[in-house]
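Shown next, in structure tokens, is the structure this report addresses.
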Amino acid sequence: MIDITCLGSSSAGNAYRISDGHTALLLEAGFPYKSIQRALNFKMSDIAGCLITHEHGDHSRAAADIMRASIPVYTSQGTAGALKLSGHRLRPVAALKSFSVGSWTIMPFGVEHDAAEPLGFLLANQDGDKLVFLTDSYYCRYKFQGLTHIMIECNYSIDIVNRRVMAGELHPAQKKRLLRSHFSLEHVKEFLKANDTRNVEEIWLLHLSDGNSDAELFKREIQELTGAAVQVADR
């Protein structure tokens, strides 16, 4: 059983706590450290590690402070270099080279984003749970078997973006960047159809855009497609 707590999921900051009842992890650290402390009721000592996907501030803002709090940070060498992170609490990881943190076995994988060396993470535990964490990417080249939990960016819908461009509310250059850096509702549907979702219990939709998304629509369409419980992460 995986317990997922969203501390925030937007361009203002992203962070999530996950636990399988044995080992708790922080996924992303995109808020000031004190904000993360407050959100977790100052229970930082049970966090065994923090996984960071890439260097953009809304995902990595507290990385150095997390390490100063004696929590190891697991991220790519490219991300560490971009953030100028160093020290014995830094644990560089590489795509397709698995590592373990407590009860979790974690496989990083490469994603497509405008960052130095961005990663997604596949997390499996000893109870048979398997979670994929995929954010800030416009494409995923991998397929996954036996997933029980999915945490995936659903930043925008191309229909909403096109309507806003036509109405003059969104500059075409902003649309171009969206298409080359973020996962859309349409991408999520393609991803779900391409993967083994028979055992999926819960899907979390992450990082919804303030202007280019519709939380109720996104939740309804993913529920209808999969039959799984769908949560929209708090912004």
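All of S137, S157 fail the test of being in contact with an Asp or Glu (Cβ under 6 Å, 6 or more places away or on another chain) and among the small types (G, A, S), apart from S137.
What is the residue count in segment 183-235 for residues that are in a helix (DSSP H, G or I), among the β-branched types (V, I, T) and farther than 17 Å from N155 by Cβ? Full working, then the answer.
Applying the first criterion (in a helix (DSSP H, G or I)) to segment 183-235 yields 185-194, 215-226.
From what is left, the residues that are among the β-branched types (V, I, T) are 188, 222, 226.
Filter once more, so that each one left must be farther than 17 Å from N155 by Cβ: 226.
Of the residues in segment 183-235, 1 are in a helix (DSSP H, G or I), among the β-branched types (V, I, T) and farther than 17 Å from N155 by Cβ.
For segment 50-91, taking the residues that are β-branched (V, I, T) and either in a helix (DSSP H, G or I) or in contact with a Pro (Cβ under 9 Å, 6 or more places away or on another chain) (or both), the one that is farthest from R38 (Cα to Cα) is identified as T79.
Any chance segment 15-24 includes a residue that's in contact with a helix residue (DSSP H, G or I) (Cβ under 7 Å, 6 or more places away or on another chain) and not in a helix (DSSP H, G or I)? Looking through segment 15-24, at least one residue is in contact with a helix residue (DSSP H, G or I) (Cβ under 7 Å, 6 or more places away or on another chain) and not in a helix (DSSP H, G or I).
Limited to segment 112-126, what total is found for residues that are at pLDDT below 95 and either under 16 Å from S100 (Cα atoms) or in a strand (DSSP E or B) (or both)?
Within segment 112-126, the subset at pLDDT below 95 is 112-116, 126.
With either under 16 Å from S100 (Cα atoms) or in a strand (DSSP E or B) (or both) added as a condition, the list becomes 126.
So the answer is 1.
Yes or no, residue by residue, for (1) closer than 16 Å to K219 by Cβ; (2) modelled with pLDDT of 95 or more; (3) under 16 Å from the mean Cα position of the chain (by Cα); (4) outside any loop (DSSP other than H, G, I, E, B):
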position	(1), (2), (3), (4)
K143	no, yes, no, no
L147	no, yes, yes, no
I150	yes, yes, yes, yes
R163	no, yes, no, yes
L170	no, no, no, no
A173	no, no, no, yes
K176	no, no, no, yes
S181	no, no, yes, no
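Mind checking which residues of segment 29-48 are of a type outside the set (A, V, I, L, M, F, W, C) and either crowded, with 22+ Cβ neighbours inside 10 Å or part of a helix (DSSP H, G or I) (or both)?
The initial filter retains those residues of segment 29-48 that are of a type outside the set (A, V, I, L, M, F, W, C), namely 30, 32-35, 37-38, 41, 43, 45-46.
Within segment 29-48, G30, Y33, K34, S35, Q37, R38 meet the criteria.
Considering K143, K175, the condition of being surrounded by 15 or more Cβ atoms within 10 Å (Cβ to Cβ) and not polar (S, T, N, Q) is satisfied by K175 alone. Taking every residue in segment 77-104 that is within 16 Å of G49 (Cα to Cα) and among the hydrophobic types (A, V, I, L, M, F, W, C) and pairing it with any residue that is in a loop (DSSP other than H, G, I, E, B) and modelled with pLDDT of 95 or more, at least 6 positions away or on another chain, the pairs with Cβ-Cβ distances below 8 Å are A80/S86; L90/P72; V101/T23; V101/P72; W104/D20; W104/T23. Within the set S60, S35, the sole residue that is touching a residue at least 12 places away in the same chain (Cβ under 8 Å), of a type in the set (S, T, Y), more than 19 Å from M151 (Cα to Cα) and out of contact with any Lys or Arg (no Cβ under 6 Å at 6 or more places or on another chain) turns out to be S35.
The values are calculated or read from the model by the stated rules, or taken from the named source; none is laboratory data. The structure displayed is predicted, hence computed values, not measured ones. Here the Cβ is made from the backbone with ideal geometry for all residues, glycine too, and neighbour counts use every protein chain on show.
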